[in-house]
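The values are calculated or read from the model by the stated rules, or taken from the named source; none is laboratory data. Predicted, not measured: the structure shown is a model, and the values here were computed from it. FYI the Cβ positions are ideal-geometry reconstructions off the backbone, even for glycines, and counts take in every protein chain you see.
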Amino acid sequence: MKHRSKIPAALLSICLSAGLAVTGAAQAAEGRVIVLGFDGMDYTFAREMMAAGEMPNFERLIEGGGLGQPLGTSVPPLSPVAWSTFTTGMDPSGHGIFDFIHRDPETLFPYLSTSAPEEPGRTITIGKYQFVLGGGGYELLRQGTPFWEVLEERGVETTVIRMPANFPPSGSASRELSGMGTPDVLGSYGTFTFYSSDIFLEERTLAGGEVKPLDLWTGVAEGTLTGPDNPMLVKRSKLTRDFTLYVDDREDVAKLVVGDTERVLRAGEWTEWIDVEFEVMPPVFGLVPLAPNLTAMARFYLRQVRPEVELYVSPLNFDPERGDLPISFPEEFAAELAEISGRFYTQGMPEDTQALKGKILTPGEFLQQAKIAGLEVEAQYLPVLERYTDGLLFYYFGNMDLVSHMMWHSMDGEHPAFEEERWGPYRGVVRELYLTADRIVGQTLDAIDDDATLIVMSDHGFASWRRTFSVNAWLRDNGYLTLKNPDKKNPSILTDVDWSRTRAYGIGLNGLYINERGREGKGIVDPAKKEALVEEIRQKLLAEVDPKTGERAITKVYVTARDFDPGPYLAIGPDMVIGYAKGTRGESDSALGEINPDVYTDNVDDWGADHGMDHETVPGIFFSNRPLRREVTKLKDLAAAILGEFEVDGFPVAAGMN
Amino acid sequence: MSAINAALRPFFDLLLYPLREAPAIVGVTLFSLLFGIVALWLVKLTSNPAKVDAAKRKVAAGLLEIRLFNDNLRIIFRAVGSILRHQAAYTGHLLVPLALMILVFLPMLAQLEFHWGRQGLAAGDSVVFKVVLEEGWESRLPTDGGEGTPRPDLALEVPDGLSLASPPVWSPAEREMAWQMQADAEGAYEVGVRLGDTTHVKTVGVTDSIRRVSPERLAASFTNQLLYPAEPSLPRDSGIEKIGLTYPTRDVWFFGWHTHWIIVVLILSIVFALILRGPMGVTI
Amino acid sequence: MFGSKIKLDKDLLARIKRLADVAGYSSPEEFITHALEKELEKFEGAESEEEIKKRLRGLGYIS
């Protein structure tokens, strides 16, 4: 069993109520603003529910003269881009996040846009062991000055919980917890493991998960959890930890043993967080440890015990009480939150959509898991709200977005993936998400008094995603991208493209790049001729008609050099951003640089709804309990308007000033 | 040993009763002071101060010799020999009090471990409660006659305040029956383990104050009673090896450092002994 | 130590010796081993294309 040490919960309340010393000569600003961010909350859907009288607290929020309007989202309308735009008050040219995925212009390798692992420091090698000196952390790639930094400079205390694209935490708020973009212990964005005693089940890797065998013999099943590479070994080798399940031969129940932890669970039951300890280096003489063990935590779900034993193990998460990964500022803040309301998923986007897409969890099981993750975030909110006295509190809820991705299309009978039997029972799930948001808004209204400003907002809306467009296949079919060998299966721009005859390629969900001489490693397009080429491709894309629907597939194509601000990070982004028509989205493999056989396909994935479309078709929401001093029509305006409530100017901070 | 423990348990419960709501470090400090005084008193009672002092002075003389004649190898070797000899003599003089200390302190430390080393369950906690049978139980204990592998006729009687969150898992290889047990409310409980016609009890403590909690009730044996004195042994012929559950471990705060209480006692009692040896007139 | 001999250009060896000394390596061999291992890692795929894609697919947005 995990041991408990008492970190006084009082510490948090002292931190939360202590005023911050005023820095600089400027007069301290005052005010109280709470911002609730519901990722993916759709304006139209919310308004429909309000009209049906199902969201009384949203009505209560605006009834005294408050605002309730759509919020223009970012281009492209993807969460890391949108939240970075909110954070900095600038478009991607000012914060440097253009998509989930960027590419290295030299090698075209794709990478996550928001954070990057740093190189480990120098190593000292002793035999087969190595000791790494420093380095090896993570770097936040989002640029620009976050709005809370400007508030802090004016003496306003700020608490920023789970702002996306803020890992590692910026360190400029009084308290921060990172969210979307925070890796799991493997350094991935969530890798579950599914174990089965079925000997015919193939051991394999899925998107975001692994399938592994369980050795079952006379009621005892043994499996192995795989951790990250052992940092102490010169030769790369994975850390592992065995576990055992003792299966009862009468009832559907088993005892799980992982290290020192034992847990009896029924089939269909999820465990709380269980420690998973990896031994990095055996102690000298079995007693003296030279290196601390790596302790992760996981939730286990015993799916069934008969006829085969099946066990789902969540991604291995960093323990917020241990501080092995910088997920909060100050560092002990995460542990204080865990002390108050229990340990929680520290990885970003914890709802395990990949386990549902991989047909490992059923829709019902996915909803159980998503509920666990959502409730952790909710359980943390009330204590944080209770301790809030003044300044700014931003609190993020990501559950609505990820559950909507998987469940929204259960309301769309014409969706290619819709089957009544599989999805019919979940038609009401999205509605329940909005009811939850309404309840949270109600709890907040009950807790605050009349002088506080409450803002409820989202980064983008939602739409059913029926049709898929592969930009790389389109570029190939239109003569802009040439393969070395047209017959090769699953070609990728990394290995299979003839760059001497390729003028453009796609990376990311909405990005299109010109193969520019002097920028791309094997660039051929003369920079002087780029503008004309961009315009030519733009016109052709806008003329695209989906042969199945007979409607336009693309309603906007943004030319970044012309349509974006001339910020300092414009050069790292794509040359064009595609705004797909509502209902169409960029193809997933194409987003990683693969070239699909067909341009158009039906979306038969369980991930049946999305928002990576024409930004005007998926606006977010902006509600507040009072009119703000500054006008807000789009996400980019919002932070300056929040600062306005504190009567603070000077935002956004011009790039290069931070 | 069982009789001694039967007397020590209520004694320590009573002794620690006033400290149950205070941080563990308070009791740990008081006991360290007591241990320091008792240790000094044992030394005073059983060692010869003149001989101890003489041995100490001889060791000091040897060290001085090395410093003064550090260029003369022969003298250094002789001095080292003398130091080792007298150090051994010094240790020898204190051997009796040391042996007495172990005899007196060990049962006390074993008792205290179950007050300070663990904490009770918290209301809402869920733990595995298990009964492990002795080898060869099949020939001695009744089976329940159900389907599957033979299993003992074993059931739990759970009082209000605790509840079972799962049916039992029977693991023949481990000879173990395990349940998930939920602590619903604070209290000191006795769970009945009914095996055939006999019922044994096991204590379960759900409390946030410092109380004696017993992780395991074990089969009768001298070492079991020496090391796990928090609960009486099981009857000799019960056929049960142990009945147990896991309590969270407790760390003691010591100047910003969280550690096992026994380390703190060790440090503090040495400090107290060094401070008090003058006033108590003890040579160590 | 190298299991088999490798011929190096004289000038290069001199430079290696000098740098190994300055950078605090215990011997030129240690420096060369370190440099080669680092370079090999790049090709053996400290992160292969597949591994990178696998990680990015964990995001959910990309199946």
From the option list B:Ile210, B:Ile267, B:Ile243, B:Ile263, single residue qualifying as under 19 Å from the mean Cα position of the chain (by Cα) and under 19 Å from B:Glu176 (Cβ atoms) is B:Ile243
Subset of the stretch B:149-167, residues exposed (fewer than 12 other Cβ atoms within 10 Å of the Cβ) and either within 13 Å of chain A (Cβ to nearest Cβ) or not in a strand (DSSP E or B) (or both), comes to B:Asp160
A:Ala82 - would you say it is within 14 Å of chain C (Cβ to nearest Cβ), under 26 Å from A:Ala639 (Cβ atoms) and surrounded by fewer than 24 Cβ atoms within 10 Å (Cβ to Cβ)?
no
Of A:Tyr301, A:Tyr345, the only residue that is closer than 28 Å to A:Phe38 by Cα, assigned by TED's automatic domain parsing to the domain that holds A:Ser237 and in contact with an Asp or Glu (Cβ under 8 Å, 6 or more places away or on another chain) is A:Tyr301
Of (1) away from chain C (no Cβ under 14 Å); (2) touching a Pro at 6+ places or on another chain (Cβ under 9 Å); (3) within 25 Å of A:Glu419 (Cβ to Cβ), A:Thr584 fails just (2)
Listed by range, strands (runs of 3 or more DSSP E) wholly within the stretch A:539-638 having at least 3 residues that are more than 30 Å from A:Thr444 (Cα to Cα) are A:554-559, A:576-580, A:584-586, A:600-602
Picked from the stretch A:510-538 (must be touching a residue at least 40 places away in the same chain (Cβ under 8 Å) and assigned to a loop (DSSP other than H, G, I, E, B)), the residue nearest to A:Glu587 (Cα to Cα) is A:Asn510
Reported set for the stretch A:539-584 where residues are in contact (Cβ under 8 Å) with a residue 60 or more places away in the chain, of a type in the set (D, E, K, R) and under 26 Å from A:Ser84 (Cβ atoms) is A:Lys556, A:Asp563, A:Asp565, A:Asp575, A:Lys582
Going through (1) within 10 Å of another protein chain (Cβ to nearest Cβ); (2) over 30 Å from A:Asp589 (Cα atoms) one by one, A:Gly209 fails only at (2)
Of the listed residues (A:Glu119, A:Glu106, A:Glu139), the one being within 14 Å of another protein chain (Cβ to nearest Cβ), among the acidic types (Asp, Glu) and free of Cβ contacts under 8 Å to residues at least 60 places away in the same chain is A:Glu119
Does A:Gly268 meet the test of being of a type in the set (Gly, Ala, Ser), surrounded by fewer than 16 Cβ atoms within 10 Å (Cβ to Cβ) and within 14 Å of chain B (Cβ to nearest Cβ)?
yes
Of those in the stretch A:460-474 that are away from chain C (no Cβ under 14 Å) and within 30 Å of A:Leu635 (Cβ to Cβ), the residue surrounded by the most Cβ atoms within 10 Å (Cβ to Cβ) is A:Trp474
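Go through the stretch B:12-27 and count every residue that is in a helix (DSSP H, G or I) and closer than 22 Å to B:Glu231 by Cα.
Within the stretch B:12-27, residues that are in a helix (DSSP H, G or I) and closer than 22 Å to B:Glu231 by Cα number 10.
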All conditions in (1) surrounded by fewer than 22 Cβ atoms within 10 Å (Cβ to Cβ); (2) within 12 Å of A:Asn57 (Cα to Cα) are true of A:Tyr426 except (2)
When restricted to A:Asp229, A:Asp252, A:Asp242, A:Asp248, the only residue surrounded by fewer than 18 Cβ atoms within 10 Å (Cβ to Cβ), within 14 Å of chain B (Cβ to nearest Cβ) and of a type in the set (Asp, Glu) is A:Asp252
Looking across the stretch A:152-203 at residues that are within 23 Å of A:Phe397 (Cβ to Cβ) and of a type in the set (Asp, Glu), the single one that is nearest to the other protein chains (Cβ to nearest Cβ) is A:Asp184
Do we have any residue at all in the stretch B:169-185 that's more than 14 Å from chain A (Cβ to nearest Cβ) and either free of Cβ contacts under 8 Å to residues at least 24 places away in the same chain or part of a loop (DSSP other than H, G, I, E, B) (or both)? yes
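For every residue, the table says whether it meets (1) within 22 Å of A:Thr125 (Cα to Cα); (2) surrounded by 10 or more Cβ atoms within 10 Å (Cβ to Cβ); (3) at pLDDT below 80; (4) within 12 Å of chain A (Cβ to nearest Cβ).
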| site | (1), (2), (3), (4) |
| --- | --- |
| C:Leu8 | no, yes, no, no |
| C:Leu12 | no, no, no, no |
| C:Ala35 | yes, yes, no, no |
| C:Glu39 | yes, yes, yes, no |
| C:Ala46 | yes, yes, yes, yes |
| C:Glu49 | no, yes, yes, yes |
| C:Ser63 | no, yes, yes, yes |
Only one of (1) more than 24 Å from the chain's Cα centre (by Cα); (2) within 14 Å of another protein chain (Cβ to nearest Cβ); (3) in contact (Cβ under 8 Å) with a residue 24 or more places away in the chain does not apply to B:Gln119, and that is (1)
Reported set for the stretch A:485-525 where residues are within 14 Å of chain C (Cβ to nearest Cβ), under 11 Å from A:Leu108 (Cβ atoms) and in contact with an Asp or Glu (Cβ under 7 Å, 6 or more places away or on another chain) is A:Ser492, A:Leu494
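Which residues, taken from the stretch A:371-393, are surrounded by fewer than 24 Cβ atoms within 10 Å (Cβ to Cβ), closer than 22 Å to A:Gly31 by Cβ and in contact with a helix residue (DSSP H, G or I) (Cβ under 8 Å, 6 or more places away or on another chain)? Steps first, please.
Going through the stretch A:371-393, the residues surrounded by fewer than 24 Cβ atoms within 10 Å (Cβ to Cβ) turn out to be A:371-390.
Going one step further and asking which of them are closer than 22 Å to A:Gly31 by Cβ, we end up with A:381, A:384-390.
Result: A:Tyr381, A:Val384, A:Leu385, A:Glu386, A:Arg387, A:Tyr388, A:Thr389.
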- Determine whether A:Thr495 is surrounded by 22 or more Cβ atoms within 10 Å (Cβ to Cβ) and not hydrophobic (A, V, I, L, M, F, W, C). no
ask   = Do we find a residue being over 24 Å from A:Phe651 (Cβ atoms) and at pLDDT 95 or above anywhere in the stretch A:89-98?
value = no
Restricting the stretch B:213-240 to residues that are farther than 19 Å from B:Phe12 by Cα and charged (D, E, K, R), the one farthest from the chain's Cα centre (by Cα) turns out to be B:Asp237
